[in-house]
1. Quick check on my filter: what residues within segment 146-164 are within 14 Å of Thr29 (Cβ to Cβ) and surrounded by 14 or more Cβ atoms within 10 Å (Cβ to Cβ)?
2. State yes or no: is Gln108 in a helix (DSSP H, G or I) and at pLDDT 95 or above?
3. For the structure I just gave you, tell me whether Lys153 is closer than 30 Å to Asp35 by Cβ, at pLDDT 80 or above and in the same structural domain as Asp39 (by TED's automatic domain parsing).
4. Residue check, Thr69 against (1) surrounded by 17 or more Cβ atoms within 10 Å (Cβ to Cβ); (2) farther than 30 Å from Arg133 by Cα, all met but one. Which one?
5. For residues that are assigned to a helix (DSSP H, G or I) and among the small types (Gly, Ala, Ser), scanning just segment 72-87, find the one that is farthest from Gln98 (Cα to Cα).
6. Find all pairs meeting these conditions: Cβ atoms under 7 angstrom apart; at least six residues apart or on different chains; first residue within segment 69-97 and free of Cβ contacts under 8 Å to residues at least 60 places away in the same chain and in the same structural domain as Lys107 (by TED's automatic domain parsing); second residue part of a helix (DSSP H, G or I) and hydroxyl-bearing (Ser, Thr, Tyr).
7. Given the conditions (1) at pLDDT 75 or above; (2) in a loop (DSSP other than H, G, I, E, B), which single one is not true for Asp182?
Amino acid sequence: MNILKRLFSIGKAEANSAIDNLEDPIKMTEQGIRDLKSDLDKALHALAEVKALSIRARNDMESFSNKMTDYEKKAMILLQQAQKGDLDPTEADRLATQALTKKDESKQQFERSKVEKEKFDGSIQTMDANIKRLRNQISQYENELRTLKARVKVSTATKNINKQMAQIDASSTVSMLERMKDKVAEEEALAESYGDIANESRSVDEEIDRAIESAGADNATDELAELKRKMGLNSDGDKSE
């Protein structure tokens with residue numbers, strides 16, 4: 001019992017160093033609980049046997065009590081038969097005396113059975129109390145063991161996460177992020193520069209196209225005017241006189 005109490009005291013401790021090496025104590029505790037359950041089975045078996053002895057003692061008491069009553073009745077019948085003349089008085093007295101002797105023997109056996117039953121009943125009460133206490137302890141230990149196992153899992157997971165985090169080089173990570181930021185800014189600036197160049201190229205081409213279109217329109221206007229002159233048409237579309 002003491003080792004279990006010490007183990008569960010460790011389980012209740014808040015120190016992480018105590019939880020790091022709990023695997024073996026957990027196995028020991030599980031074995032201890034199995035041993036307690038085995039003891040409980042043995043105690044229940046013993047309790048059943050003692051109860052059986054108590055029941056037997058009670059049955060013996062009833063049997064000897066009936067014999068006491070029966071022998072007393074037989075002694076009375078013998079005396080009554082002698083009084084009626086059906087039986088020799090001397091013989092009746094002798095047989096009645098033997099019947100009463102049997103009654104006394106049955107009474108002594110009755111008293112012994114009574115004492116035994118009281119002793120068995122006392123043992124039953126003590127065993128009942130011990131079994132209840134043992135059951136409560138097993139239930140308590142099982143609950144605490146489940147809690148302890150859960151804490152071990154959480155502690156192990158937390159430890160692994162913290163270990164991984166501790167192995168990360170914060171300065172190198174920050175440097176890498178800064179280099180990435182500079183690279184992205186450089187690429188963005190370069191993209192914007194190419195965009196400006198592309199826009200400038202498009203502007204020059206547009207000016208050239210507009211100039212050519214404008215010159216072509218002027219030539220078409222001149223040709224139209226020359227054609228009208230040859231046809232003798234004025235600018236309003238009428239022939240000149």
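1. Leu148, Lys149, Arg151, Val152 - these are the residues of segment 146-164 that are within 14 Å of Thr29 (Cβ to Cβ) and surrounded by 14 or more Cβ atoms within 10 Å (Cβ to Cβ).
2. yes
3. Numbers: closer than 30 Å to Asp35 by Cβ: yes; at pLDDT 80 or above: yes; in the same structural domain as Asp39 (by TED's automatic domain parsing): yes.
For Lys153, the condition - closer than 30 Å to Asp35 by Cβ, at pLDDT 80 or above and in the same structural domain as Asp39 (by TED's automatic domain parsing) - is met.
4. Unmet for Thr69, out of (1) surrounded by 17 or more Cβ atoms within 10 Å (Cβ to Cβ); (2) farther than 30 Å from Arg133 by Cα: (1).
5. Taking segment 72-87 first, the residues assigned to a helix (DSSP H, G or I) are 72-84.
Now restrict to residues that are among the small types (Gly, Ala, Ser): 75, 82.
On the way: Ala75: 8, Ala82: 15 Å.
Filtering segment 72-87 for residues that are assigned to a helix (DSSP H, G or I) and among the small types (Gly, Ala, Ser), the one farthest from Gln98 (Cα to Cα) comes out as Ala82.
6. Once the first residue is free of Cβ contacts under 8 Å to residues at least 60 places away in the same chain and in the same structural domain as Lys107 (by TED's automatic domain parsing) and sits in segment 69-97, its partners that are part of a helix (DSSP H, G or I) and hydroxyl-bearing (Ser, Thr, Tyr) give Tyr71/Ser106.
7. (2)
The values are calculated or read from the model by the stated rules, or taken from the named source; none is laboratory data. Quick caveat: nothing in here was measured; it's all calculated off a predicted structure. Backbone-built Cβ (ideal geometry, glycine too); neighbour counts: all protein chains shown.
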